[in-house]
Amino acid sequence: MDNRSLSSLATDSDYDPNSMPVDKAREYIRAFLTPVSAVERLHVRAALGRVLAQSVSSTMNVPLNDNSAMDGYAMRFADLKADTAVTLEVVGASFAGKPFWGTVGLGQAVRIMTGGVMPENCDTVVMQERVTVSGDRVTIPSGQQKGQNVRYAGDDIKRDAVVFERGQILRPAELGMIASLGIGEVSVYRKLRVAFFSTGDELASIGQPLGAGQLYDSNRYTIYGMLHRLGVDPIDMGTIRDDPTAIETAFAEASRAADVVITSGGVSVGEADFVKQILQRLGEVLFWKIAMKPGRPLAYGKIGGAHFFGLPGNPVSAMVTFYQFVREALLVLMGVPNPAPLPTLKAVCITPIKKAPGRTEFQRGILAPDSDGQWTVRVTGNQGSGILSSMSQANCFIVLPDAQGNTPAGATVDVQVLEGLI
Ligand code: AMP
Ligand code: MG
């Protein structure tokens with residue numbers, strides 16, 4: 001679908017903006033994403049959470065040398081006997097970072113500590129708990145295996161291997177692996193800039209008194225949090241009145257300042273019309289009704305060079321829509337070619353759920369082991385799209401697919417785990 005214009009989607013035979021399946025919407029969005037290309041060199045520690053712009057290769061084996069996995073004695077296996085103990089002469093020691101440089105002859109052994117380099121000619125390590133020491137003699141019982149307790153050079157990382165491909169997100173383990181190769185700097189994509197604002201005359205910002213019928217703008221805080229966790233640069237553009245001039249100005253400024261613009265509110269029926277007109281002037285934006293609950297309205301498109309996501313205003317809908325569509329899209333834009341989907345597992349649902357077929361539902365759930373250690377899930381209670389406490393109590397979404405109807409208690413359901421989501 002490369003190089004298509006957004007408006008050409010309308011020619012697809014199954015394109016229905018008023019009833020868009022969740023997967024179809026994800027697929028369409030995916031087809032129009034162009035990742036950032038600018039690259040910067042960062043110290044490995046500063047690269048935490050960033051995306052590699054260049055693969056990382058190893059110029060060495062990790063570990064560099066064969067070494068001992070235990071505190072004990074290193075020897076030649078050929079000196080040992082299968083059925084009787086053998087006494088060897090201890091001729092030196094190999095400590096981690098202080099190798100034994102001598103040679104080990106017939107009938108000899110070397111004291112060795114964990115991480116100590118295997119002396120030349122030695123191929124086997126016997127744990128210190130298994131031996132008997134007397135002066136410079138060590139007695140090794142029968143029944144040892146050739147090569148036991150030895151860690152080989154390159155066991156972790158082989159020389160000349162591509163260790164990480166471009167597009168890899170750098171988590172703590174990756175930082176450690178890069179450091180273990182002695183590499184101090186990496187090339188990563190620049191941070192994605194994401195501007196966001198809320199729309200609605202009913203919204204007040206923290207610090208302002210609430211007028212009758214007003215509520216505090218919470219979406220700017222959930223969206224900030226979700227963006228921050230993903231490792232983008234969030235740009236908070238505030239709360240904008242439902243006023244055409246103010247909204248047009250905000251869209252124009254946001255699209256100049258950022259790679260991505262995210263708004264909440266203003267895309268539901270009734271409001272969409274005037275926002276639609278503004279967006280059609282500034283760019284190319286599609287308005288969809290997704291076959292899902294919560295989170296039906298979603299606008300997606302381009303404003304100038306910026307990608308645009310118009311999320312529903314309801315606080316739960318805004319979060320669900322972010323996790324189902326925006327998160328993965330942002331990862332692609334950050335330079336991750338194939339982001340892993342949210343981890344999904346099966347659990348027994350202990351509460352019955354009422355549901356009409358024809359749309360995907362994302363109920364907020366609490367996943368916990370029961371007394372037998374079996375993972376079970378229950379809904380958080382009130383599933384209204386304005387009940388933000390349902391997101392706070394939840395540690396997962398219970399995902400009920402389009403075709404599914406009512407779900408009895410005891411049924412197995414899919415859950416997407418929310419804990420620790422980047
Ligand atoms: P809308 O999508 O603009 O029609 O808004 C739907 C509902 O979400 C309304 O009840 C709004 O008051 C509420 N809402 C919209 N934006 C926000 C926000 N930023 N924070 C909290 N609630 C909001
Ligand atoms: Mg509104």
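The values are calculated or read from the model by the stated rules, or taken from the named source; none is laboratory data. These numbers come from a predicted model, not from an experiment. Virtual Cβ from ideal backbone geometry, glycine too; neighbours counted across all protein chains shown.
Would you confirm, using the coordinates I've provided, whether residue 28 is aromatic (Phe, Trp, Tyr), touching a residue at least 12 places away in the same chain (Cβ under 8 Å) and not in a strand (DSSP E or B)? So residue 28 passes the test. Among the residues of region 1-14 satisfying the criterion of being touching a residue at least 12 places away in the same chain (Cβ under 8 Å) and in a loop (DSSP other than H, G, I, E, B), which is surrounded by the fewest Cβ atoms within 10 Å (Cβ to Cβ)? The selected residue is 2. Taking the criterion of being assigned to a helix (DSSP H, G or I), out of contact with any helix residue (DSSP H, G or I) (no Cβ under 7 Å at 6 or more places or on another chain) and either touching a residue at least 12 places away in the same chain (Cβ under 8 Å) or among the aliphatic types (A, V, I, L, M) (or both), the residues of region 224-245 that qualify are 224, 227, 229.
Of the strands (runs of 3 or more DSSP E) contained entirely in region 42-130, those carrying at least 2 residues that are touching a helix residue (DSSP H, G or I) at 6+ places or on another chain (Cβ under 9 Å) and surrounded by 14 or more Cβ atoms within 10 Å (Cβ to Cβ) fall at 72-75, 86-94, 108-112. Do the conditions hold for residue 146, that is, is it under 30 Å from residue 306 (Cα atoms), touching a helix residue (DSSP H, G or I) at 6+ places or on another chain (Cβ under 9 Å) and part of a loop (DSSP other than H, G, I, E, B)? In short, no. Taking region 170-206 as the range and being within 16 Å of ligand 2 (Cβ to nearest atom) and under 19 Å from residue 232 (Cβ atoms) as the test, the residues that pass are 196, 197, 198. Inside region 207-224, residues that are within 13 Å of ligand 2 (Cβ to nearest atom) and more than 13 Å from residue 240 (Cα to Cα) make up a count of 3. Do we have residue 255 as surrounded by 15 or more Cβ atoms within 10 Å (Cβ to Cβ), within 15 Å of residue 203 (Cβ to Cβ), at pLDDT 95 or above and small (Gly, Ala, Ser) here? For residue 255, the condition - surrounded by 15 or more Cβ atoms within 10 Å (Cβ to Cβ), within 15 Å of residue 203 (Cβ to Cβ), at pLDDT 95 or above and small (Gly, Ala, Ser) - is not met. Highlighted here are the strands (runs of 3 or more DSSP E) found entirely within region 249-358 that include at least 3 residues which are away from ligand 2 (no atom under 15 Å from the Cβ), in contact with a Leu (Cβ under 6 Å, 6 or more places away or on another chain) and touching a residue at least 40 places away in the same chain (Cβ under 8 Å): 283-289, 297-303.
Taken together, 231, 266 contain a single residue that is away from ligand 1 (no atom under 16 Å from the Cβ) and at positive phi, which is 231. Contact map, region 408-422: first residue of a type in the set (Ser, Thr, Tyr), second residue in a strand (DSSP E or B), Cβ cut-off under 6 Å, separation 6 or more or different chains; pairs are 412/346; 412/348. Counted as qualifying within region 158-220 are the strands (runs of 3 or more DSSP E) with 1 or more residues that are within 13 Å of ligand 1 (Cβ to nearest atom), namely 193-199. Within region 327-344, being of a type in the set (A, V, I, L, M) and modelled with pLDDT of 95 or more holds for 329, 330, 331, 332, 333, 334, 336. If we scan region 88-100, do we find a residue that is of a type outside the set (D, E, K, R) and in contact (Cβ under 8 Å) with a residue 60 or more places away in the chain? Checked against the condition, which is being of a type outside the set (D, E, K, R) and in contact (Cβ under 8 Å) with a residue 60 or more places away in the chain, region 88-100 yields no hits at all. Of all residues in region 22-49, those being among the hydrophobic types (A, V, I, L, M, F, W, C) and closer than 18 Å to residue 329 by Cβ number 7.
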